[in-house]
Amino acid sequence: MASEGPRPLVAGNWKMNGSVAMLKEPRLLAAMLKDVKLKADVMVCPPAVILRRVKSVLKGSKIKMGGQDCHWNPAGAHTGDVSAEMLKESGCTAVIAGHSERRTNHAETDEMVMKKARGAHRAGLTAIICIGETLEERKSGKTLEVVSRQLKGSVPEESTAAKTVIAYEPVWAIGTGLTPTTPEVAEVHAHIRAELAGIMGAEGKGTRILYGGSVKPSNAVELMSQPNVNGALVGGASLKAADFLGIIKVYT
């Protein structure tokens, strides 16, 4: 049974995966969920180049669509970038900001992530703000320190629960098959909840906090049942409808 709190969200981050042939997966997932009474929101975040095709496939379904990243400006000389407004126009309702792969591979700072979150809010999108520690930081006992720093640097003070989601993804657990213990997940999520109260005030109580990092059908029930875990940000398991459904079923 999933933990109580804000309405959960299960979001699938396709990362740099996706093709016209892969459209059969969201189509299949939409069909699987057609007659299912869900107690959570479901979202997929495909690459920008196939957003409109995925939107067409999801039309009339229970599945929402999000983007994987955005520039903080609404327009301008930013070759290769996509604005939050463009994502909104393409049918997105949310966008991921500050995923660890962006922080590491593209040197994104907390300041940049906050600007992207503000850009998402400006465009009317929900900002899914990612935070999480490296293995070295975990071993050094700095997990809570890192999480606090990233939250304070990445979450705009004016954020609301309706337009902000936090995704805790231990960097060392992403795509490795490793996950923290459930007490460790519960500890970090409780810390995030307390920090959000300091940043967002009363809005922090209703803000969804997702867990991400090697979430799969076999561990979803245990992870999602922890206090202050309000859903999941799913990577590889979101690429196959059957696997993603196995996680979503936690909330049926």
Checklist line | Built amide H within the under 5 Å cut-off of V215, gap 5+ | finding: G235
Item checked: Value at 222 nm in deg cm²/dmol, rounded to 500, when DSSP H runs of n ≥ 4 in the chain each add -39,500 (n - 2.57) -> -11000 deg cm²/dmol
Item checked: Under 14 Å, Cβ to Cβ, from A197 - net charge with Lys/Arg +1 and Asp/Glu -1 -> 0
Margin query: Please list, ordered by chain and number, the residues whose modelled amide H lies under 5 Å from the amide H of S83; skip anything fewer than 5 residues away on the same chain.
Written below: H71
Next item on the list: Please find, in a Gaussian network model of the chain (springs between Cα atoms separated by less than 10 Å), the residue of G231, G119, G201 whose mean-square fluctuation is greatest.
Entry: G201
Margin query: Roughly how far apart, in whole Å, are the Cα centres of segment 1-65 and segment 149-173?
Written below: 22 Å
Check: Using a simple charge model, +1 on the beta-carbon of Lys and Arg, -1 on the beta-carbon of Asp and Glu, nothing else, what dipole does the chain show about its Cα centre, in debye to the nearest 20?
Finding: 1000 debye
Notebook entry, point to check: Once label points are set 7 Å from the Cα along Cα→Cβ at both T182 and E222, what is their separation, rounded to one decimal in nm?
Noted result: 0.7 nm
Note to self: Once you keep just the Cα pairs under 8 angstrom separated by 6 or more residues, what percentage relative contact order results for segment 17-132?
What the structure shows: 23 percent
Item checked: Kyte-Doolittle at least -0.5, axis length at least 24 Å by Cα - qualifying DSSP helices, the chain -> 182-200
Margin query: Quick check on packing: order 171-181, 42-52 by the mean number of other C-beta atoms within 10 Å, highest mean leading.
Written below: 42-52, 171-181
Item checked: Theoretical FRET efficiency, 1/(1+(r/R0)^6), r = Cβ-Cβ of E145 and A21, R0 41 Å, to 0.05 -> 0.40
Next item on the list: In whole Hz, with x marking every Gly and Pro, tabulate ³J(HN,Hα) for segment 61-70 from phi via Karplus 6.51 cos²θ - 1.76 cosθ + 1.60, θ = phi - 60°.
Entry: 9, 8, 9, 8, 10, x, x, 9, 5, 8
Note to self: Students often get this wrong, so try it: which of (1) 12.2; (2) 16.2; (3) 17.8 is mean projected area of the Cα convex hull in nm² as calculated from the structure shown?
What the structure shows: (1)
Next item on the list: Would you mind checking which residues have amide H under 5 Å from A232's amide H? H placed 1.01 Å from N; only 5 or more apart, or other chain.
Entry: L9, V10, A11, Y211
Item checked: Percentage relative contact order, the chain, counting C-alpha pairs under 8 Å, at least six apart -> 24 percent
Check: When the chain is modelled as a GNM with alpha-carbon springs shorter than 10 Å, which of A190, A21, A241 fluctuates the most?
Finding: A21
Margin query: Taking a virtual spin label 7 Å from the Cα of T109 along the C-beta vector, which residues in segment 123-142 bring their backbone nitrogen under 19 Å of it?
Written below: 130-132
Note to self: Connecting C-alpha atoms closer than 10 Å in a GNM of the chain, tell me which of V165, V188, V36 has the biggest fluctuation.
What the structure shows: V36
Check: Along the charge dipole of the chain, which of G66, G212, A31 sits closest to the positive end, that is, farthest toward it, with unit charges on the beta carbon of Lys, Arg, Asp and Glu (+1, +1, -1, -1)?
Finding: A31
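Readers should treat all values here as calculations from the given coordinates under stated rules, not as data from a laboratory. Just so it is clear, the model here is predicted, and its values are computed rather than measured. Methodologically, a virtual Cβ is constructed for each residue, glycine included, from the backbone with ideal geometry; neighbour enumeration extends over all protein chains shown.
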